[in-house]
Amino acid sequence: MADTTPRATSNRSTTPGSSTFKDFIGSQWADREQTIPEPREQAAFAAERRARISELHPGRTIVVPAGQAKVRSNDCDYPFRPHSTFAHLTGWGTDTVVGSVLVMTPNGSGHDATLYFRATAGRDSEEFYANPEIGEFWVGPRPSLDAVAADLGLATADLGSFSDVADGLDASALLVREADDDLTRTLDARLGSAVGGAPATDDVLARDLSEQRLVKDAYEVGELRKAVDATKHGFDDVIADFDAVLAHQRGERIVEGTFNRRARADGNTVGYDTIAASGHHACILHWTRNDGAVQPGDLILIDAGVEVDSFYTADITRTLPVSGTFSPVQRMVYDAVLEAADAAFAIVKPGITFRQVHATAMEVIARKTAEWGFLPVSAEESLEADNQFHRRYMVHGTSHHLGLDVHDCAKARREMYIDGVVQPGMVFTIEPGLYFQQDDLTVPAEFRGIGVRIEDDILVTEDGAENLSIGIPRTPSDVEAWIARSGR
Ligand code: GLY
Ligand code: MN
Ligand code: MN
């Protein structure tokens, strides 16, 4: 099962094959110091997460693959990122070994967890120097089984022995199906499941794994704070770069690149592709091509988040006047969006339903667009379920859960998510916006091409809520002062 054959590069391979060379490269290496670390902070939290999922699925083996790197082209891959469920249940971060598998085996009263991964290869192996995918000379050494066991507080075993585990599985086994396509196909074939048709029990597992992430533990909240903090620095960097942004014909790319530098320096990477949308591009909700110019007088909508090394990500949007001050109409739109965001934040506390956050923001959006004369009916009428005229100017939702995935907990049931009750420890965005397309004949010409979104990351506390991203300026005057401080 653990295929260590490199992908085809034989048409350009120059690796010597003589036994003289093999003997030489396999010899005269100093012994390695084995350092056994203390358990990382997340290990105890991951153990609790596993215990909760164990309770929900007694008596069944649970298989959670990390997954493989996705092929970009031929033998080039996208950077590897393990499946979020694997990260959640193991606590392993950017140092995860590709292709690992967590197996939870019933032990009568709960489950024993074992992490299978490809242990370090000896210097006498060909893999060591000749395998560009996993060889030490190519991608660096792998940790030892003992070191990872101590680090994560988990039993470990070599991936080579996972096939014995797979052979012993029966049809009651549960699998996180979307993590590793090859492994899913292999296990389906062995267990007699229909390929492509997920057994219903796996859907239940995916649902439970998603729902157990709705409330964050203390470690997760700490990591999200770090992600927001790094994101703040990224926004600071972008503002400091505004001269270069304005000077370049693809200024949006300068914004993306500057933010990306911070994300790579302070975290793992960005948690999703940065949206750097200047002028009317701001009305394209997921504008990630970012190849436009940034013109003096433009608003630029920047939706960006740093993902830290544990894979928790921020998701922040600020809409900034690149020349330093909002025009009166830009400010009118900005103030309306800010009012919607503040109104939504004000109601957040345990016991409300998640849906109410969106409904509250929409009351403001409907009222403002009605006041400006854009709706064919009153705000009250527009808010009726069968009308919703105001949604022309904000077609997206106001909030989503945030965590290991930018759109976290996506497999939770509707009654746990949009219709769910808000609880302490939940983290979600509040991100209302107003977007007036450049050819929208329902709005006056001066509104056309203006898009504003303000997005913050909200932690639900015992008696209310904390805006984790409050330190990133968001009122018009604070935004203007922020840009002025950068010397513009
Ligand atoms: N950045 C994507 C979103 O705000 O949901
Ligand atoms: Mn968002
Ligand atoms: Mn966003």
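The values are calculated or read from the model by the stated rules, or taken from the named source; none is laboratory data. Quick caveat: nothing in here was measured; it's all calculated off a predicted structure. Don't worry about glycine lacking a Cβ; one is built from the backbone with ideal geometry, like all the others, and counts go over all protein chains shown. Surface accessibility is based on the protein's heavy atoms, side chains included, excluding ligands, DNA and RNA. Shrake-Rupley method; radii C 1.70, N 1.55, O 1.52, S 1.80 Å.
Roll a 1.4 angstrom probe over the protein heavy atoms and tell me the percent of accessible area of segment 27-85 that is carbon or sulfur.
Working: 1970 of 3910 Å².
In segment 27-85, the share of accessible area belonging to carbon and sulfur is 50 percent.
Answer rounded, prolate or oblate for segment 213-354, using the Cα gyration tensor with square roots of eigenvalues a ≥ b ≥ c: rounded when a/c is under 1.5, else prolate when a/b is larger than b/c, else oblate.
Judged from the Cα gyration tensor, segment 213-354 comes out oblate (a/c at least 1.5, b/c at or above a/b).
About the Cα centre of segment 84-243, what is the dipole size in debye to 20, counting +1 per Lys and Arg Cβ and -1 per Asp and Glu Cβ, all else neutral?
Details: 12 positive and 30 negative charges, 72 e Å.
Using only the charged Cβ atoms, the result is roughly 340 debye.
If you count only protein heavy atoms and use a 1.4 Å probe, how large is the accessible surface of VAL395, to the nearest 10 Å²?
100
Specify which residue in the list TYR272, ILE254, THR186 is farthest towards the positive end of the charge dipole of segment 163-276, using unit charges on the beta carbon of Lys, Arg (+1) and Asp, Glu (-1), about the Cα centre.
Farthest towards the positive pole: ILE254.
Would you mind working out the magnitude of the charge dipole of the chain relative to its Cα centre, with +1 at each Lys and Arg C-beta and -1 at each Asp and Glu C-beta, to the nearest 20 Debye?
On the way: 46 positive and 75 negative charges, 134 e Å.
Its charge dipole is roughly 640 debye.
How many percent of the accessible area of segment 210-341 is carbon or sulfur, using a 1.4 Å probe?
Numbers: 2180 of 4560 Å².
Carbon and sulfur: 48 percent of the exposed surface of segment 210-341.
Give the long-range amide H neighbours of LEU320: residues separated by 5 or more places, or on another chain, with amide H under 5 Å away, using H modelled in the peptide plane at 1.01 Å from N.
ILE300, LEU301, ILE302
What do you get for GluC sites (Glu not before Pro) in segment 308-384 restricted to DSSP loop and a cutoff of at most 16 other Cβ within 10 Å of the site's Cβ? Write out the running numbers ahead of the final one.
Working: sites: GLU339, GLU363, GLU371, GLU380, GLU381, GLU384; in loops: GLU384.
Sparse-neighbourhood loop GluC sites (Glu not before Pro): GLU384.
Treating cross-link reach as a plain straight distance, find the aspartates and glutamates whose alpha-carbon is under 17 Å from the alpha-carbon of LYS411, omitting any fewer than eight places away in the same chain.
Counting by Cα, and skipping residues close in sequence, LYS411 has these aspartates and glutamates nearby: GLU178, ASP202, ASP203, ASP208, GLU211, ASP419.
Any idea what the relative contact order of segment 408-459 is, in percent, if you count C-alpha pairs under 8 Å spaced at least 6 apart?
Details: 53 pairs, mean separation 20.1, N = 52.
It rounds to 39 percent for segment 408-459.
Which trypsin sites (Lys or Arg not before Pro) does segment 23-127 hold that lie in a coil by DSSP with at most 10 other beta carbons within 10 Å?
Working: sites: ARG32, ARG40, ARG49, ARG50, ARG52, ARG60, LYS70, ARG72, ARG118, ARG123; in loops: ARG32, ARG40, ARG60, LYS70, ARG118, ARG123.
Here the sparse-neighbourhood loop sites are ARG32.
With a cut-off of 13 Å, note down the residues of segment 467-488 whose backbone N falls inside the zone around a label point 7 Å from the Cα of ASP243 toward its beta carbon.
Answer for this model: 486-488.
Classify segment 336-488: rounded, prolate or oblate, from the alpha-carbon gyration tensor (a ≥ b ≥ c, eigenvalue square roots; a/c under 1.5 rounded; otherwise prolate if a/b is larger than b/c)?
Values: a/c = 2.01, a/b = 1.19, b/c = 1.69.
Verdict is oblate for segment 336-488.
Can you return the lysines within cross-link range of LYS349? Criterion is Cα-Cα under 19 Å, with same-chain partners fewer than 8 residues away left out.
LYS216
Using +1 at the Cβ of each Lys and Arg and -1 at the Cβ of each Asp and Glu in segment 424-471, identify which of ILE450, THR429, VAL460 lies farthest towards the dipole's positive end.
So the residue furthest toward the plus end is ILE450.
How about segment 397-475: which trypsin sites (Lys or Arg not before Pro) there lie in a loop by DSSP and see at most 14 other Cβ atoms within 10 Å? Don't skip to the end; give the middle numbers.
Values: sites: LYS411, ARG413, ARG414, ARG448, ARG453, ARG474; in loops: LYS411, ARG413, ARG414, ARG448, ARG474.
In loop regions of segment 397-475 (DSSP not H, G, I, E or B), the sparsely surrounded trypsin sites (Lys or Arg not before Pro) are ARG413, ARG414.
Suppose all protein chains stay in the model; what accessible area per residue would a 1.4 Å probe give for segment 119-198, in Å²? Provide the component values of the computation, followed by the final result.
Working: 3730 Å² over 80 residues.
It amounts to 47 Å² per residue over segment 119-198.
Which length gain, in nm to one decimal place, applies between GLU371 and ARG12 when the Cα-Cα distance is subtracted from 0.36 nm times their residue separation? Intermediate values should be presented prior to the final figure.
On the way: separation 359, 0.36 × 359 = 129.24 nm, distance 6.80 nm.
Length gained between GLU371 and ARG12: 122.4 nm.
In nanometres, what is the gap between the two model label sites at ALA30 and ALA385, each 7 Å from Cα along Cα-to-Cβ?
Once both label points are built, they end up 7.2 nm from each other.
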